[in-house]
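Colleague: Sharing a structure below in structure tokens format, with a few things to ask.
The values are calculated or read from the model by the stated rules, or taken from the named source; none is laboratory data. What you are looking at is a predicted structure, and each value in this text was computed from that prediction instead of being measured. Cβ: placed from backbone, ideal geometry, glycine included. Neighbour counts: every protein chain shown.
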């Protein structure tokens, strides 16, 4: 199971919208921020939000652990890219077999790509799910 800490942005009937919580760093610089972290922040985009399945009663601002089964990402990538590529190549080969020449191969390639795009667009990939609430940091403090 691949897990990531996330913060609830909003709730919806079909699940909850979350934003990934980025780690503060590797810890080797004592939290001051190393140069590679600062360079990464220059190219940082606006945080993305994702819809995930949830059975818990949560509210915006709650921190949770979101997970997705191992292999799901690989299967989705193979379905999105592998199927489209296979249909493109198959279309090109079929076009070449039916009418020798480059034009028929290109037409078959384009038709295979369009068919692959339709399959990928209509396929539903499994969504990540909220596994549990993140433990409160106040509960883990030790007397010192």
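Colleague: Out of region 43-85, which residues are over 25 Å from residue 14 (Cα atoms) and touching a helix residue (DSSP H, G or I) at 6+ places or on another chain (Cβ under 7 Å)?
Modeller: Correct list: 83, 84.
Colleague: Before we move on, is residue 89 closer than 30 Å to residue 2 by Cα and without any contact (Cβ under 8 Å) to a residue 24 or more places away in the chain?
Modeller: It is false that residue 89 is closer than 30 Å to residue 2 by Cα and without any contact (Cβ under 8 Å) to a residue 24 or more places away in the chain.
Colleague: So which residues in region 86-128 are out of contact with any helix residue (DSSP H, G or I) (no Cβ under 8 Å at 6 or more places or on another chain) and crowded, with 17+ Cβ neighbours inside 10 Å, if there are any at all?
Modeller: 128
Colleague: Now for a different question. Any chance region 40-49 includes a residue that's outside any loop (DSSP other than H, G, I, E, B), under 21 Å from the mean Cα position of the chain (by Cα) and at pLDDT 80 or above?
Modeller: The answer is yes; a qualifying residue exists.
Colleague: For residue 126, work out the one condition from (1) under 25 Å from the mean Cα position of the chain (by Cα); (2) at pLDDT 85 or above it doesn't fulfil.
Modeller: (2)
Colleague: Which condition number does residue 103 fail, the rest of (1) over 32 Å from the mean Cα position of the chain (by Cα); (2) at pLDDT below 90 being met?
Modeller: (2)
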